[in-house]
Amino acid sequence: NAGVTQTPKFRVLKTGQSMTLLCAQDMNHEYMYWYRQDPGMGLRLIHYSVGEGTTAKGEVPDGYNVSRLKKQNFLLGLESAAPSQTSVYFCASLGQYNSPLHFGNGTRLTVT
Amino acid sequence: AQSVSQHNHHVILSEAASLELGCNYSYGGTVNLFWYVQYPGQHLQLLLKYFSGDPLVKGIKGFEAEFIKSKFSFNLRKPSVQWSDTAEYFCAVNAAGGFQKLVFGTGTRLLVSP
């Protein structure tokens, strides 16, 4: 049981480049989330999804877009990367109500 | 909207010392509370959770936390820490009965010296 899988694990981008981070879960979870983790700021919610075909903004959505075309996948896109988006990105999924989040292993993104 | 405060940003302890990490939240309704741990280079893992019932919750690896509703607190404790407890600890809260939008505190980095 793979759980939550994120690809890639590492990426370096130049300012203005675009990329997509992929999150895949094999637990048939309805809810999926993208967080970013920065030193001294904890985890901040970027976007989330309550089910296939739905997305919504979290605390820090600017500069990111997401899509949930299939229930098992949640994509995070950066259309024009900026150095402020240098961070570690975590995907998470949630199945039943009142159960804990399942996290992926993270993607470390550096924008130069 | 709910928020979480962790007042200890860095804690340094010797092995066998007792640990208490503070967590306070702000939200007027019923909440679910969590402590997550992140070991160096790894993703977050659930230590323990409180949904309802006994306010003293026991988690993995000898950790426990006490929910004190009147103080809006959910402090994490361990009687005797080990070097392997070196990690970053995050308190998190979401509103019970609503959408599962989990809000995290800023984290406490614990260093246990052997």
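The values are calculated or read from the model by the stated rules, or taken from the named source; none is laboratory data. Here the structure is a predicted model, which is why all the values come from computation and not from measurement. Glycine also receives a Cβ, built like all others from the backbone with ideal geometry; neighbour counts cover every protein chain displayed. All accessible areas refer to the heavy atoms of the entire protein, side chains included, with ligands and DNA or RNA removed. Shrake-Rupley method; radii C 1.70, N 1.55, O 1.52, S 1.80 Å.
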Overall dimensions of chain B by Cα: Rg and Dmax, Å: 13.5, 43
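Treat the protein assembly as shown as a sphere of radius equal to its Kirkwood radius over Cα pairs and apply Stokes-Einstein at 25 °C in a medium of 0.890 mPa s; give the translational diffusion coefficient in µm²/s, rounded to a whole number. It would help to have the intermediate numbers written out before the result.
Details: Rh = 18.1 Å.
This corresponds to a translational diffusion coefficient of 136 µm²/s.
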Greater than 23 Å apart at Cα, pairs in A:14/A:70; A:57/B:101; A:14/A:57; A:70/B:49; B:49/B:101: A:14/A:70; A:14/A:57; A:70/B:49
Residue (of B:107, B:3, B:62) at the positive-pole extreme of chain B, dipole from beta-carbon charges: B:3
Mean-position separation - Cα centroids, segment B:35-104 and segment A:27-52, in angstrom: 18 Å
Over segment A:15-84: Rg over Rh, Cα atoms, Kirkwood Rh: 0.98
For residue B:14, net neighbour charge (Lys/Arg +1, Asp/Glu -1) across residues whose Cβ lies under 14 Å away: -1
Accessible-area value, residue B:54, 1.4 Å probe, nucleic acids and ligands omitted, Å²: 110 Å²
Nearest-20 debye value, chain B charge dipole, Cβ charges on Lys, Arg, Asp, Glu: 220 debye
Chain A - charge dipole about Cα centre, Lys and Arg +1 at Cβ, Asp and Glu -1, debye rounded to 20: 240 debye
Per-residue average of Cβ from other chains inside 10 Å of B:51-64: 0
Only Lys, Arg (+1) and Asp, Glu (-1) charged, at Cβ; the protein assembly as shown dipole about Cα centre in debye: 240 debye
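Sorting check: for B:8-17, A:86-95, which peptide has the highest mean count of neighbouring beta carbons within 10 Å, and how do the rest follow?
Result, highest mean first: A:86-95, B:8-17.
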For a label point 7 Å along the Cα-to-beta-carbon line of residue A:10, residues of segment A:91-112 with backbone N under 13 Å: A:107-110
